[in-house]
Amino acid sequence: MNIPNVIYLNKKEGETPLEALENFRKKKKIYKDLPITYAGRLDPMASGLLLLLAGEKTKEKDSYLKLSKEYQFDILFGFSTDTHDILGKIISMDGQNINKKELLKLMKQNLKNFSGKLTQKYPVYSSKTVKGKPLFMYARNGDAVEIPEREVYIKELKFLKLRSISNKNLLVNIKKRINKVNGDFRQKEILKVWENNLSMKEKRNFFIASLKIKCGSGTYVRGIANSLGEKMNIPALAFSIKRIKIGKYAL
């Protein structure tokens, strides 16, 4: 029997890559005795294409890791967090008074900075190891560490649309999505922080921009969202991320 050894998974938001792999293995009994690995991580709050390699293909993992990637993602303006996405503690909140016209102008001026080769720091909440320990362990323990950086390549970063969301609807959205996550990702603490910052009596609107990015291996899209906000001088984070393509493989 010829068993496919490159498997396309559509990872759900809230799952870790390991959970997605194990859920697949439970459903597909023919793979129960085969070694399987995933070629390229996706954060719990990210969804989309996850490539699994089975059997002898696991030995080719490095070549699959080098493939280019394509994502559709949303940026929420007005907040930045220690993870650069919604599954993090708010560290800055500002920019609610900016209007749509001003925001579009700032985006247009600053998106051109994200093209070609760039130096990107690893997010402090990431699995990148320093001195044998992942960065997120340093962050959780409050230990000082020098954050490493790497060169990444952005082929295209394209603005798609801009919409607004009220503080009430934003809180409902964030609660629903964070509650999908299993394991210890500080969910209770993080939800409390979001509630404290969005449960205001008066209605406030926040802007969400939709973008598409084509990039080289190793690019952190949530890092791009945070960096764009820094360039614009407005706190920003990755509100949602969906990977739609890895090399020639597409959802």
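Nothing in this text is a laboratory measurement; each read-out follows from the coordinates by a stated rule. Note that the structure is a prediction, hence the values are computed from the model and not measured. Using ideal geometry, Cβ is built from the backbone for each residue, glycine included, and neighbour counts are taken over all protein chains shown.
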Q: Would you mind calculating the relative contact order of the chain from Cα pairs under 8 angstrom and at least 6 residues apart, reporting the percent as a whole number?
A: 31 percent
**Q.** Charge dipole (segment 6-65, unit charges on Cβ, about Cα centre) - positive-most of 65, 14, 53
**A.** 53
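Can you give the local net charge around residue 126? Use residues other than it whose beta-carbon is closer than 13 angstrom to its beta-carbon, Lys and Arg +1, Asp and Glu -1.
Details: positive: 41, 121, 128, 133, 140, 150, 222; negative: 43, 82, 85, 149.
Around residue 126, the surrounding residues sum to +3.
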Q) For all pairs of alpha-carbon atoms in the chain, what percent lies in each bin of width 5 Å, listed from the first bin to the last filled one? A) 1, 6, 12, 17, 18, 17, 13, 8, 4, 2, 1, 0, 0
Q: Measure out, as a whole number of angstrom, how far apart the alpha-carbon centroids of segment 21-76 and segment 165-184 sit.
A: 25 Å
Q: May I ask which residue of 39, 240, 250 lies farthest towards the positive end of the charge dipole of the chain, with charges of +1 (Lys, Arg) and -1 (Asp, Glu) on Cβ and the Cα centre as origin?
A: 250
Q) List the aspartates and glutamates whose alpha-carbon lies under 18 Å from that of residue 11, not counting same-chain residues fewer than 8 positions away? A) 19, 22, 43, 70, 74, 85
Q) About its Cα centre, how strong a charge dipole does the chain have in debye, to the nearest 20, once Lys and Arg get +1 and Asp and Glu get -1 at the Cβ? A) 800 debye
Q | Cα→Cβ-extended label distance, 7 Å offset, between residue 105 and residue 164, nm | A | 1.7 nm
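If you count the DSSP beta bridges with both ends in segment 6-65, what percent of them are antiparallel, to the nearest 5? Walk me through the numbers on the way to the answer.
On the way: 9 of 9 bridges.
Among the beta bridges of segment 6-65, antiparallel pairing accounts for roughly 100 percent.
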Q) When the helices in the chain are scored as -39500 (n - 2.57) per DSSP H run of 4 or longer and the sum is shared across all residues, what 222 nm value do you end up with, to the nearest 500 deg cm²/dmol? A) -8500 deg cm²/dmol
Q | Added length on full extension, which subtracts the Cα-Cα distance from 0.36 nm per residue, residue 217 to residue 18 | A | 69.7 nm
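In the chain, what % of DSSP beta bridges are antiparallel (nearest 5)? Walk me through the intermediate numbers first.
Details: 50 of 54 bridges.
Roughly 95 percent of the beta bridges in the chain run antiparallel, per DSSP.
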Q.
What number does segment 6-65 give for Rg over Rh if you use C-alpha atoms and the Kirkwood radius?
A. 0.95
